[in-house]
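The values are calculated or read from the model by the stated rules, or taken from the named source; none is laboratory data. In this text, all values refer to a predicted model and were calculated from it rather than measured experimentally. Here the Cβ is made from the backbone with ideal geometry for all residues, glycine too, and neighbour counts use every protein chain on show.
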Amino acid sequence: MERSLPQRLQAWGFSWGGLLDNRHGEWWVMAQMALITAHLLPAYPSPASLGLNWPALLRVLGLVLFIAGLLLAGQGALNLGDSLSPLPEPMPGAPLVMAGAYGRCRHPLYQSLLVCSLGVTLARGSLLHLALLLALALVLGSKARREEAGLCAVHGDYTAYRTATPAIVPHLPWLDWRTGPTAPSVG
């Protein structure tokens, strides 16, 4: 059944009240969207303004990474199906997905955003875009921690899954936590 945008937003849990008080993590989504949109800004400072001739190989590698990130996002979205939501709150009644992209990491959509951001950073050779990548990693790591608090509350087997499966980027501090209690809910 096809849903209109207002119906989809309501099903996800968006509300005017939530935009004011962040009850379902709306502020994390807004921060994430602002950082993603900021990737459209031109390179600053441009490599040329620094006297650098940015290598074509890095530009091509950046484009390849960007495309790979889009493919990863598609796989993760397909694996989630109707459980997909931009909010860090689990969809009511949604099953826990641990196969496909979710067998590789617990947050493949966040991973795909970081791969796309890395691709843009390499393609543009921009310190601004490097800062955006780091800020996006901070936001997504925090958002994932909030999401996991809800997933642990809803799915009894989430703790075992969390212990066995990397969070976003395997072995990278801040983006992989597999043991210990879930960090307290932030905002």
Q. Would you call Ala123 farther than 22 Å from Trp28 by Cα and part of a helix (DSSP H, G or I)?
A. yes
Q. What is the residue count in the stretch 1-38 for residues that are farther than 16 Å from Lys143 by Cα, modelled with pLDDT of 75 or more and among the aliphatic types (A, V, I, L, M)?
A. 2
(Q) Yes or no: the stretch 146-156 includes at least one residue that is under 20 Å from Leu40 (Cβ atoms), in contact (Cβ under 8 Å) with a residue 40 or more places away in the chain, in a helix (DSSP H, G or I) and β-branched (Val, Ile, Thr). (A) no
Q.
Could you go through the stretch 93-105 and let me know if any residue there is crowded, with 20+ Cβ neighbours inside 10 Å, under 14 Å from the mean Cα position of the chain (by Cα) and modelled with pLDDT of 95 or more.
A. yes
Q | Unique residue being farther than 24 Å from Asn22 by Cα, in contact with a Gly (Cβ under 8 Å, 6 or more places away or on another chain), in contact (Cβ under 8 Å) with a residue 40 or more places away in the chain and of a type in the set (Lys, Arg) when the list is Arg104, Arg124 | A | Arg124
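Of the residues Leu70, Leu80, Leu41, which is modelled with pLDDT of 95 or more, aliphatic (A, V, I, L, M) and assigned to a helix (DSSP H, G or I)? Before you say what the answer is, go through the steps one by one.
Working: Leu80 fails: modelled with pLDDT of 95 or more; Leu41 fails: assigned to a helix (DSSP H, G or I).
Within the list Leu70, Leu80, Leu41, the selection yields Leu70.
Among the listed residues Trp27, Trp54, which satisfies the condition of being surrounded by 13 or more Cβ atoms within 10 Å (Cβ to Cβ) and assigned to a helix (DSSP H, G or I)?
On the way: Trp54 fails: assigned to a helix (DSSP H, G or I).
Checking each option against the conditions leaves just Trp27.
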Q: Examine the stretch 173-186 for a residue that is assigned to a helix (DSSP H, G or I) and touching a residue at least 24 places away in the same chain (Cβ under 8 Å), and state whether such a residue exists.
A: no
